[in-house]
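Report on the following structure.
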Amino acid sequence: MMVLNTDFDGTADGALSGFLRQAKEQLSQGVHRIQLVGEHAYVGALFDEAEFQRAPALSKWAVRVVHSIRGANYSTAVFGTMYFFWWVMRWMLDPSEEHFDEMPEWLRPVPNQLFMPHPMILDFFLWPALREYVVQHPSLHVGMNWLLDAAGTMNCGWSSPPEEALCKNAGTGGTDLSRDAKGYISNLQNWSLGPSFRKYIPNADALVSIRAEP
């Protein structure tokens, strides 16, 4: 069962729903899934133009989305954010049991996403309790300043240099996250928002993890 999105995907130019629609059309016309999706998120495409050019379409799309909300920052938090977009959109394009199972459990759709219309951007947000809450409150679907604050302050606690989170994928030659880094970003307890988020959502601390410092 797929999520129930409204026509508005939460972006000004339909960057989410537009890609999904076009990619599904290409798949129906016989374009090979690997050509569109790839075997992994090409994380190097975030900072390497040559890798961006040879990356599959889904990784290119994820890079553009992440750059639009996080900027071209070189950090493990940005690498992880790209993977979240890649995991969820891959499942939307090809809703197989394998793709569902490969997403972190907390990133999978919550019941409200399946039965209540909502902007598509909410499907990519990390904290399931907040997704449940926001989907139920249509007033939070307009403007979404809370989401802008979250995108700007979201971070993970990876303390090693960002390059230590990276590796070359043996099968594709593309830059991927290491096994340790994937395990780290897949633990929701390692992610948090800045304290400014509290002014947007009542009882925010019950829904997300908020740091003491920005």
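Values in this text are rule-based calculations from the coordinates and carry no lab data. What you are looking at is a predicted structure, and each value in this text was computed from that prediction instead of being measured. Here Cβ is always computed from backbone atoms with ideal geometry, including for glycine, and neighbour counts include all displayed protein chains.
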query: If you work out Cα extents along the principal axes in Å from the coordinates, which of (1) 46, 41, 30; (2) 45, 35, 33; (3) 77, 55, 39 do you get?
result: (1)
task: For Gln189 paired with Asp101, estimate the spin-label separation in nm (one decimal), with each label point 7 Å from Cα along the Cα-to-Cβ line.
output: 2.5
query: So how far apart, in nm, are the two label points at Asp180 and Cys167 if each is 7 Å from Cα heading toward Cβ?
result: 1.0
message: Need the C-alpha centroid separation for the stretch 146-169 versus the stretch 89-104, integer Å.
response: 22
statement: Note: the stretch 24-66, point scatterers on Cα, Debye, no solvent; log10 I/I(0) at q = 0.17, 0.26, 0.32 Å⁻¹ equals -0.44, -0.84, -1.07
query: What is the list of residues in the stretch 87-128 whose amide nitrogen lies under 13 Å from a point 7 angstrom out from the Cα of Arg33, following Cα to Cβ?
result: 90-102
message: Once R0 is set to 30 Å, what does the formula 1/(1 + (r/R0)^6) return for the Cβ-Cβ distance between Ile210 and Phe52, expressed as a FRET efficiency to the nearest 0.05?
response: 0.35
message: Just want to confirm a number: the relative contact order over the chain, from Cα pairs under 8 angstrom separated by 6+ residues, in percent.
response: 22
- request: Report the relative contact order of the stretch 100-203, percent, no decimals, based on alpha-carbon pairs under 8 angstrom and at least 6 residues apart.
  value: 25
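Please report Trp127, Trp146 as a ranked list, fewest other C-beta atoms within 10 angstrom at the top and most at the bottom.
Ascending number of Cβ neighbours within 10 Å: Trp146, Trp127.
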query: P(r) tail for the stretch 6-91, what percent of Cα pairs lie past 15 Å?
result: 57
